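Just so it is clear, none of the values below were taken in a lab; they were calculated from the coordinates. Here the structure is a predicted model, which means the values were calculated and not measured. Because the Cβ atoms are built from the backbone with ideal geometry, glycine has one as well, and the counts that use them run over all protein chains shown.
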């Protein structure tokens, strides 16, 4: 099973991370209609407060760099 999974992202943590981020974006885009419900919207806003967005972006950048460095010197 793990071999099939690693083959899917070509044994690259960077590709895996990019696909996870893209899937998360697709899920959020698809959930946009659900988030228009005020109760759901308030729950999401409580969990993902806008003041923490810069930290989320920093974390995504760090994970991306670490994933890239993992395979950078493999030649």
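A compact table of results
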item: Mean ellipticity per residue at 222 nm, deg cm²/dmol - from DSSP H runs of n ≥ 4 across the chain, formula -39500 (n - 2.57); result: -23500 deg cm²/dmol
item: Per-pair calculated FRET efficiency, R0 = 30 Å: residue 19 and residue 51 via Cβ, rounded to 0.05; result: 0.60
item: Label selected from (1) 1.43; (2) 1.17; (3) 1.03, the criterion being Cα Rg over 2.2 N^0.38 Å as computed here; result: (1)
item: Spin-label pair residue 5/residue 26, simplified geometry with 7 Å Cα→Cβ offset, distance in nm; result: 1.8 nm
item: Folded to 0 to 90 degrees: helix 13-30 orientation relative to the chain principal axis, Cα; result: 20 degrees
